[in-house]
Amino acid sequence: MIELDNIKPDTVIVIAGPTASGKSALALDIARRYNGEIVNADSMQVYQGTPVLSAAPGAEEKREIPHHLYEIYHPSVNGTVVDWLECAAAVVRDIRSRGKLPVVAGGTGMYIDNLINGTTPIPEPLPEVRGQVRRLAAERGQEALYDLLQKADPAGAARLNPNDATRVRRAYEIFLQTGISIAEWYRRPMVKKLPEAEFLVIKIIPEAQELDERCYRRFDLMMKAGALEEVRYLLSLDLDKNLPAMKMLGVPELAAFLNGAADLSEAVDSAKLHTRQYAKRQRTWFRNKLAAEIILDRCFC
């Protein structure tokens with residue numbers, strides 16, 4: 001049990017850590033004891049139809065404590081950090097206006113870092129600009145797209161790995177829309193969506209062996225709870241494989257089984273491995289990049 005004795009009117013609790021570390025359980029514990037409401041900061045738990053795969057809170061937890069920004073998008077939506085920040089700031093202010101404590105919980109480092117420290121004032125590309133650049137990439141290839149970026153925005157291109165398709169595409173989108181280099185945008189002052197907030201950060205950084213075991217055990221439980229049926233649902237939507245929902249942990253591996261490209265045991269073993277590797281990367285990022293007032297060295301149960 002964690003005791004919090006420095007809660008102020010503008011305090012926002014942030015609970016961060018790798019997958020399977022017990023963030024949701026800790027958020028519930030704090031929300032129960034300090035009159036709180038929980039705000040999702042996990043980029044996969046925003047999607048509908050996959051509560052098992054994304055380990056979203058269940059109906060019982062949602063009945064007991066208000067939960068916000070869970071399962072808000074159809075899987076066909078490409079949710080972004082910009083969209084999430086706008087929604088999260090509005091929800092946090094609403095919770096505070098009702099005299100309750102916002103408890104932001106999740107494992108997406110970009111969401112949490114941008115909420116606490118602010119984000120660059122880069123405008124989100126318009127759908128037609130995104131479509132134009134995606135067509136260019138599909139028709140001419142990654143190397144050609146990087147060449148176009150180098151000619152249009154050499155300073156921005158110099159910041160990027162030519163093989164980083166996502167960032168190259170975004171840099172070109174930004175230049176086409178604004179006429180301003182991505183490098184110049186990053187030099188501009190950060191903008192905080194909640195400048196009035198006082199963040200109290202709790203991070204969970206368990207030992208690697210404990211985290212590995214929990215990742216394996218949780219995936220077994222997910223399989224029993226219907227993970228395969230959720231992947232079958234996603235496949236029935238015939239979505240672009242590059243959408244975030246289609247990259248959710250377990251989806252590509254179980255999709256390979258359903259498509260006849262792997263047997264089930266191979267798919268499960270591969271999903272467990274990728275889950276463990278992802279949790280390891282999260283653990284490293286949170287340990288080294290996120291400052292916290294409270295650090296737990298064990299998973300919260």
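Against the definition (within 15 Å of the chain's Cα centre (by Cα) and either in a loop (DSSP other than H, G, I, E, B) or in contact (Cβ under 8 Å) with a residue 24 or more places away in the chain (or both)), how does Val104 come out, yes or no?
The answer is yes for Val104.
Search the stretch 264-301 for residues being surrounded by fewer than 20 Cβ atoms within 10 Å (Cβ to Cβ) and β-branched (Val, Ile, Thr), and hand back the single one that is farthest from Gly17 (Cα to Cα).
In this case the residue turns out to be Ile294.
Six or more apart or on different chains, Cβ under 8 Å: which pairs go from a residue in the stretch 238-266 that's under 12 Å from Thr50 (Cα atoms) to one that's of a type in the set (Asp, Glu)? Could you list them?
Filtered contacts from the stretch 238-266: Met246/Asp240.
Does the stretch 156-173 include one or more residues that are within 30 Å of Asp113 (Cα to Cα) and in contact (Cβ under 8 Å) with a residue 40 or more places away in the chain?
Yes; the residues of the stretch 156-173 include at least one that is within 30 Å of Asp113 (Cα to Cα) and in contact (Cβ under 8 Å) with a residue 40 or more places away in the chain.
So, in the stretch 195-216, how many residues would count as being touching a residue at least 12 places away in the same chain (Cβ under 8 Å) and within 21 Å of Arg281 (Cβ to Cβ)?
Count: 14.
Mind telling me which of the residues Ala165, Ala256, Ala261, Ala197 ends up being out of contact with any Lys or Arg (no Cβ under 9 Å at 6 or more places or on another chain) and over 23 Å from Asn78 (Cβ atoms)?
Only one candidate qualifies: Ala261.
Is it fair to say Ala157 is modelled with pLDDT of 95 or more, assigned to a helix (DSSP H, G or I) and either in the same structural domain as Asn78 (by TED's automatic domain parsing) or of a type in the set (Gly, Ala, Ser) (or both)?
Considered against the rule, which asks whether it is modelled with pLDDT of 95 or more, assigned to a helix (DSSP H, G or I) and either in the same structural domain as Asn78 (by TED's automatic domain parsing) or of a type in the set (Gly, Ala, Ser) (or both), Ala157 comes out as yes.
Given the residues Lys241, Lys203, Lys193, which is the only one that is among the basic types (Lys, Arg) and exposed (fewer than 14 other Cβ atoms within 10 Å of the Cβ)?
Lys241
Out of Ala41, Ala31, Ala88, I need the residue that is in the same structural domain as Ala208 (by TED's automatic domain parsing), over 25 Å from Leu126 (Cα atoms) and not hydroxyl-bearing (Ser, Thr, Tyr). Which one?
Ala31
Given (1) at pLDDT 95 or above; (2) not assigned by TED's automatic domain parsing to the domain that holds Leu237, where does Ile15 come up short, assuming only one miss?
Unmet condition: (2).
With Ala255, Ala261, Ala225 as the choices, which residue is over 30 Å from Asp5 (Cα atoms), over 19 Å from the mean Cα position of the chain (by Cα), surrounded by fewer than 14 Cβ atoms within 10 Å (Cβ to Cβ) and among the hydrophobic types (A, V, I, L, M, F, W, C)?
Ala261
Check Ala105, Ala20, Ala31 and return the single one that is at positive phi, in contact with a Leu (Cβ under 8 Å, 6 or more places away or on another chain) and surrounded by 15 or more Cβ atoms within 10 Å (Cβ to Cβ).
After ruling out the rest, the residue left standing is Ala20.
Output the residue which, of all residues in the stretch 159-210 that are under 23 Å from Ile7 (Cβ atoms) and basic (Lys, Arg), is nearest to the chain's Cα centre (by Cα).
Lys203
Does any residue of the stretch 76-88 turn out to be small (Gly, Ala, Ser) and farther than 16 Å from Val191 by Cβ?
Yes, the conditions are met somewhere in the stretch 76-88.
The values are calculated or read from the model by the stated rules, or taken from the named source; none is laboratory data. Quick caveat, the model's predicted, so the values are computed rather than measured. So basically every Cβ, Gly included, is an ideal-geometry build from the backbone, and we count neighbours across all protein chains shown.
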